[in-house]
Amino acid sequence: MSGIRRIRSVYAEHYVQGSNRAKRTPRVGRPMRPRAIAWAGPAAFYQSRWSERNAWYKARIEFPEMLPEMYIIDPTDYYKSLEERLSDGKKRLSLDIGFSKLNMDDHEGKKKDPELERQARKNELLINLDEVSDNSLPIALHFNIFSDLFIDGAFFHNVQKLDVKCGDHSLRTGNVIPVSSLLSEPNVNIQTPENGKGFNTFVMVNLDGNLFESEMPEGSPKQVIHWAVGNITDGSGVTGGSDVIAPYLPPTPYHGTGFHRVAFVLFRHSERIDFSSFKLNSPEFVQRLFSTNRFLKTFEDKMTPSAIKFCQVEWDENVDYILHEQGLKSPRFWYEWNEPVKRAQKEFPLKPRPFDKYLDQYRPSEEVLKTVYREWLEKRVHEGKVEKAEYPDIFYAENKKKLPHWQHAQLMDKNVGRGPWARLYDDFQNPAFQKDQISRI
């Protein structure tokens, strides 16, 4: 028995004087297994994990992982006092560039009219919508229409009725109109004043459609003109006896750029104006870069804005056809997301997760995308189409017994398009596939 070497503890070399710990391990029939609550992974026993050689317990301590700070702002830069907010509101509307606001009837007297009160109570009161005041100014300010059309602080009131109908859609104040309804010239009706001896100029511009804005110097035109007609006589349509400054071109909101604001501005003047300096000399798209502020500044002594309406448009397949007819390619834009924050990979993570999803976090994104794209190609070749299954798993009971849990869950995610498999059924819209499809457009 004296020749048998006793098993010594891994901490025996670093015994702390005065402690009540035994120097040797107990004699048991099997090696002692650490408790799950104290298990810190094999890295805890590496020599490099020891902070101090004379403190044996520090070998089992893992220092907290330092994650990058996100969404940290300085409140003094983003929050303003009440006085500053009130002063900003006064500066926002500081330059009225239009006609004086129309005088409305005395509403206080109508409120006290017993006959009107009786008709309103019995739902017999008829309201003429043509006489209702236009309250589109706050909405236009919310969308920064005036500041992007002209300069900061500029605004004007609608004093002339302007009706624009695009196909089956009527232009309101910021409503969304599909590009398919704007393929042809909209139907524009302009109110004729009582004297009926003046002229109108109609301009349609896209405030967010300049593709070259980032490459142009400061002060360059940032808008795209889609339609401009000048010297429209009172009582006639937009196309009747008028000067076409810019022929009609449907809006072209590029893929991935969100909603574009398209403004319809009406100017009023008493005599004919020569717009030859603003007429398009070439059908090239670059020639359509336009500045409404410069246009008004040039003829500010002769014309005044009298009405404005705007809508929002979003990309659809018609935009590609419009650009191809102009000899241009259809660009694709996508948002560059920041790299996701990943915690350090551990052999035994604290929060249990399926091992395939846990390991996919640390795989290169190209490999995960390649797996999804291979499945997309197989469906396209063998089935002829890529569509979601009607049910997550039609053989649920059989597959649950036959397949491992992680593989069965992955099968259902693939059928319904959950997680990374969502790219199977949204490949064209998803940014991950757009790079591959740019060359084919």
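Against the condition hydrophobic (A, V, I, L, M, F, W, C) and under 20 Å from Glu213 (Cα atoms), how does Leu280 come out, does it pass?
Taking the combined requirement at face value, the residue satisfies it.
In the list Leu411, Leu403, which residue meets the criterion of being among the aliphatic types (A, V, I, L, M), at pLDDT 90 or above, surrounded by 14 or more Cβ atoms within 10 Å (Cβ to Cβ) and farther than 29 Å from Glu339 by Cα? So that I can check it myself, show each step before the final result.
On the way: Leu411 fails: farther than 29 Å from Glu339 by Cα.
Answer to the check: Leu403.
Take Ser282 and tell me if it is without any contact (Cβ under 8 Å) to a residue 12 or more places away in the chain, over 25 Å from Pro178 (Cα atoms) and of a type in the set (Ser, Thr, Tyr).
yes
Scan segment 327-343 for residues that are loosely packed, with under 12 Cβ neighbours inside 10 Å and of a type outside the set (D, E, K, R) and jot them down.
Result: Gly327, Tyr335, Trp337, Asn338, Pro340, Val341.
Counting residues that are under 16 Å from Gly98 (Cα atoms), which strands (runs of 3 or more DSSP E) fully inside segment 154-204 reach at least 1?
Numbers: elements: 162-166, 173-176, 187-190.
In segment 154-204, the matching strands (runs of 3 or more DSSP E) lie at 162-166.
Please specify each residue of segment 286-299 satisfying the condition of being over 14 Å from Phe267 (Cβ atoms) and either without any contact (Cβ under 8 Å) to a residue 60 or more places away in the chain or part of a loop (DSSP other than H, G, I, E, B) (or both).
Across segment 286-299, the qualifying residues are Gln287, Ser291.
Just give me the residues in segment 228-241 being in a strand (DSSP E or B) and surrounded by fewer than 23 Cβ atoms within 10 Å (Cβ to Cβ), in sequence order.
Of all residues in segment 228-241, those in a strand (DSSP E or B) come to 228-233.
Matches in segment 228-241: Asn231, Thr233.
Inspect segment 301-311 for any residue being surrounded by 13 or more Cβ atoms within 10 Å (Cβ to Cβ), outside any strand (DSSP E or B) and not assigned by TED's automatic domain parsing to the domain that holds Phe259 and give the result as yes or no. Reasoning before the result, please.
Our first condition is that a residue be surrounded by 13 or more Cβ atoms within 10 Å (Cβ to Cβ); within segment 301-311, this holds for 302-311.
Keeping just the survivors that are outside any strand (DSSP E or B) gives 302.
Of the ones still in play, those that are also not assigned by TED's automatic domain parsing to the domain that holds Phe259 are none.
Looking through segment 301-311, none of the residues is surrounded by 13 or more Cβ atoms within 10 Å (Cβ to Cβ), outside any strand (DSSP E or B) and not assigned by TED's automatic domain parsing to the domain that holds Phe259.
Scanning for something part of a strand (DSSP E or B) and either modelled with pLDDT of 90 or more or not assigned by TED's automatic domain parsing to the domain that holds Pro283 (or both), does segment 135-149 turn up at least one residue?
First, the residues of segment 135-149 that are part of a strand (DSSP E or B): none.
No, segment 135-149 contains no residue that is part of a strand (DSSP E or B) and either modelled with pLDDT of 90 or more or not assigned by TED's automatic domain parsing to the domain that holds Pro283 (or both).
Output the residue which, of all residues in segment 190-224 that are modelled with pLDDT under 85 and of a type in the set (A, V, I, L, M), is nearest to the chain's Cα centre (by Cα).
Of everything passing the filter in segment 190-224, Leu211 is nearest to the chain's Cα centre (by Cα).
In segment 365-374, is there at least one residue being exposed (fewer than 15 other Cβ atoms within 10 Å of the Cβ) and more than 24 Å from Val341 (Cβ to Cβ)?
yes
I'm checking my understanding of the structure. Among residues of segment 232-254 that are modelled with pLDDT of 90 or more, in contact with a Lys or Arg (Cβ under 9 Å, 6 or more places away or on another chain) and not hydroxyl-bearing (Ser, Thr, Tyr), which one is farthest from Met303 (Cα to Cα)?
It comes out as Leu249.
For segment 166-189, check the following and say yes or no: at least one residue is farther than 25 Å from Tyr254 by Cα and more than 26 Å from the chain's Cα centre (by Cα).
First, the residues of segment 166-189 that are farther than 25 Å from Tyr254 by Cα: 188-189.
Filter again for more than 26 Å from the chain's Cα centre (by Cα), leaving 188-189.
Yes, because at least one residue in segment 166-189 is farther than 25 Å from Tyr254 by Cα and more than 26 Å from the chain's Cα centre (by Cα).
From the list Leu323, Leu328, Leu249, exactly one residue is closer than 30 Å to Ala154 by Cα and of a type in the set (A, V, I, L, M). Which is it?
Values: Leu323 fails: closer than 30 Å to Ala154 by Cα; Leu328 fails: closer than 30 Å to Ala154 by Cα.
Every option except Leu249 fails the conditions.
The values are calculated or read from the model by the stated rules, or taken from the named source; none is laboratory data. All figures in this text were calculated on a predicted structure; none of them were measured in a lab. Positions of Cβ are generated from backbone atoms using ideal geometry, with glycine treated the same way; all protein chains shown enter the neighbour counts.
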